[in-house]
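Notes for the one structure printed next.
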Amino acid sequence: MGRPKQFDPDTAVTRAMEVFWRKGYASTTPQDLVDALGIGKGSLYNAFGSKHALFQRALRRYRDSQDQFLLDLLGREGPVKERLRAALEHLADVDLTDPDRRGCMAVNTAAELATADQAAADQVRAMFARTERAFRELIEEGKRAGEIAADRDAADVGSLLLSTVIGLRLTARVADGPDRHQRAIRAVLALL
């Protein structure tokens, strides 16, 4: 009879996600993962197959948590522009107050692996598409309610908002404070 697993794979994926998010894929060593998960290298490879396979699962975990996070922010009660402003400010604040300045794992992965890892690029592309769709749907809601100018193309604005979020999340890694982010948020909202 085999030994029972001494760890919860679901918890292990979450812990691995934290390591990859903080250090990036290339800088994360198998020893980093073993230390974070509290298991031996053999157990790591037996449970997940490879560092890359574990990274893919961690990236999916990040996607699932962040998708719901954004949908919750955008789905609150109130005027569309206020919900959008609150969502953008909250994302910026989360990044700016993170002591590790991790930014967004999807943005970090795109910067690090987009040309070298097709599977990671595909996951990030899908995450960005979902985010852009959520913004587009919010803009369409705002147009129907008369809060957003009728001549604004929801797809175009959704793309602009996605690019804004990517920029905010990336620049938060090195920002001295919130001023640049607040200016960018005010400017993008003024365009609506």
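Scan region 94-117 and report the pairs whose first residue is loosely packed, with under 14 Cβ neighbours inside 10 Å and whose second residue is part of a loop (DSSP other than H, G, I, E, B), with Cβ atoms within less than 7 Å and a gap of 6+ or a chain change.
Arg101/Ala172; Arg101/Arg173
Please name all residue pairs, on different chains or six or more residues apart, with Cβ atoms under 9 Å, provided the first residue is in region 40-54 and is within 14 Å of Asp8 (Cβ to Cβ) and the second residue is in a loop (DSSP other than H, G, I, E, B) and β-branched (Val, Ile, Thr).
These pairs meet every condition: Ala47/Ile39.
Just wondering, is there one or more residues in region 147-165 that are basic (Lys, Arg) and either modelled with pLDDT of 95 or more or at positive phi (or both)?
So in region 147-165, the residues basic (Lys, Arg) come out as 152.
Now narrow it down to the ones that are either modelled with pLDDT of 95 or more or at positive phi (or both): 152.
Within region 147-165, one or more residues are basic (Lys, Arg) and either modelled with pLDDT of 95 or more or at positive phi (or both).
Please determine whether any residue of region 11-20 is within 13 Å of Ala120 (Cβ to Cβ), touching a residue at least 24 places away in the same chain (Cβ under 8 Å) and either small (Gly, Ala, Ser) or part of a helix (DSSP H, G or I) (or both).
Looking for residues that are within 13 Å of Ala120 (Cβ to Cβ), touching a residue at least 24 places away in the same chain (Cβ under 8 Å) and either small (Gly, Ala, Ser) or part of a helix (DSSP H, G or I) (or both), one finds at least one in region 11-20, hence yes.
Inside region 79-192, counting only helices (runs of 4 or more DSSP H) that do not spill past its ends, which hold 1 or more residues that are under 16 Å from the mean Cα position of the chain (by Cα) and β-branched (Val, Ile, Thr)?
Passing ranges, in order: 80-97, 105-113, 118-144, 154-171.
Would it be correct to say that Ala120 is over 17 Å from Leu70 (Cβ atoms), at pLDDT 95 or above, surrounded by 19 or more Cβ atoms within 10 Å (Cβ to Cβ) and of a type in the set (Gly, Ala, Ser)? Spell out how you get there, then give the answer.
On the way: over 17 Å from Leu70 (Cβ atoms): yes; at pLDDT 95 or above: yes; surrounded by 19 or more Cβ atoms within 10 Å (Cβ to Cβ): yes; of a type in the set (Gly, Ala, Ser): yes.
It is true that Ala120 is over 17 Å from Leu70 (Cβ atoms), at pLDDT 95 or above, surrounded by 19 or more Cβ atoms within 10 Å (Cβ to Cβ) and of a type in the set (Gly, Ala, Ser).
The values are calculated or read from the model by the stated rules, or taken from the named source; none is laboratory data. Values in this document were obtained by computation on a predicted structure and should not be read as measured data. Here the Cβ is made from the backbone with ideal geometry for all residues, glycine too, and neighbour counts use every protein chain on show.
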